Structure formats: structure tokens, C-alpha cells
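J.: Below you'll find the structure I mean.
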Amino acid sequence: MVQSLGDLAKLDEPEFSLRTEAVDAGELLDDIALRFAERAARQDVRVQSVAQEGAAAPRAEVDVELFERAIANLLDNALKFCPPGSTVTLAAAARDGKVDVSVADDGPGIAAADLPQLFDRFYQSRSTVAPATADGGRGLGLAIVRRIAELHGGEVAVESTVGRGTRVVLTVPAAGRRDDVVR
């Protein structure tokens, strides 16, 4: 918890600056999926990274370390709540000078009442999370994801249906759109 609070404080500092570079978002997602493959297999959850069909690979302008942290936080949450036999899908798609990166699962979903507060610091859905335990989390991971999106001049959104799963979309600038990136 102390490390996550420290990370948020660092990200909130006015002098914090991103080290952005143009990257293939799909390749980064493939790498992240591979890093989580063993854990997912132990839980009998399938993690897959899918490419945007019929289009060139979406290139994003991101701070790679922060971007990977955001996606890893989202994937970690999906694995935390998905039961055995579930699938988590990572995808990237170019859209209007931006790149949408999604983490979608077919797990238990999130109650509609919890969605507005989901990215608030320390918020945890009490119907799905044990309070601040090693397994339950501390309510900072999604706040970090939102802050990383904001630093990139992007946003994060979630859609979920109880019993059907959750999809979180992190939107960042496409490569070549450096003027959109907050520094």
C-alpha cells in the first residue's frame, strides 16, 4: 500500500514528466499477456491478446513503463476476480487519432452502483472485495490507471454487466499526436 501511495504521489507531482515514445500497442499487449500467462494458467484462466483485423498495428505515443503498469493493473484485477474457465482478452485498436486499449473478461462483472466510484482512490466494491487484504487489494490500482491515462492526455472507461463480465478501455494518443500528450 505504501508503494502504491508513493507511486500516486509521484504521478501527481507538477514536475513529473512522461518519457513517451511511439510503440506498437499490440506488441506491448502481447508482452504483458506472456508475463501473466503462468499465473493465469495456474488459475485456469485464458489470457489472449488479439490484433485489430484488417488494419495496420495501432501505434501509440506512451511512456512504456507507465502504460505497462496500467495494463498490468487491469489484467491483475481481471485475474483476481475471474473464476476458473474464464477468458481475459487484451486488444488495441486505432480510432480518430487515438488508440483504445482494452482489457475485457467474461467474469462476474461489477454492479452498476459501483461503476461511478471504481477509479476513485481507496474505493473497493464491498460486494466483491475483502477489505485491504493481500488478496483483496487496497483500492489504489484503478486510481493509478486513471492517473496514468490523464498524464497521457487520455481517459479510461469501464462497462460491465453482472454475470457477463467487464471491459475497461484505456485511451491514449496515437503515435504522431505528441501535441495531445500532457507533460
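The values are calculated or read from the model by the stated rules, or taken from the named source; none is laboratory data. Remember, predicted model here, so these are calculated numbers, not experimental data. Backbone-built Cβ (ideal geometry, glycine too); neighbour counts: all protein chains shown. Surface accessibility is based on the protein's heavy atoms, side chains included, excluding ligands, DNA and RNA. Shrake-Rupley method; radii C 1.70, N 1.55, O 1.52, S 1.80 Å.
J.: Where does the stretch 57-106 land on the Kirkwood hydrodynamic radius, alpha-carbon pairs, in angstrom? Mind showing how you got there, number by number?
T.: Working: mean 1/r = 0.0834 Å⁻¹.
Kirkwood hydrodynamic radius for the stretch 57-106: 12.0 Å.
J.: Rank these by accessible area, largest first, 1.4 Å probe: ARG46, ARG59. Can you show the working numbers first?
T.: Details: ARG46 140, ARG59 115 Å².
Order by accessible area, largest first: ARG46, ARG59.
J.: Could you run the Karplus curve 6.51 cos²θ - 1.76 cosθ + 1.60 with θ = phi - 60° over the stretch 151-165 and give me ³J(HN,Hα) per residue in whole Hz, x for Gly and Pro?
T.: After applying 6.51 cos²θ - 1.76 cosθ + 1.60, I find 4, 7, x, x, 8, 9, 9, 9, 9, 7, 10, 4, x, 10, x Hz.
J.: In nanometres, what is the gap between the two model label sites at ALA111 and ALA157, each 7 Å from Cα along Cα-to-Cβ?
T.: Once both label points are built, they end up 2.5 nm from each other.
J.: Report the full-extension gain for the segment ALA57 to GLU27: residue separation times 0.36 nm, less the Cα-Cα distance, to one decimal in nm.
T.: Numbers: separation 30, 0.36 × 30 = 10.80 nm, distance 0.86 nm.
Stretched fully, the ALA57-GLU27 segment lengthens by 9.9 nm.
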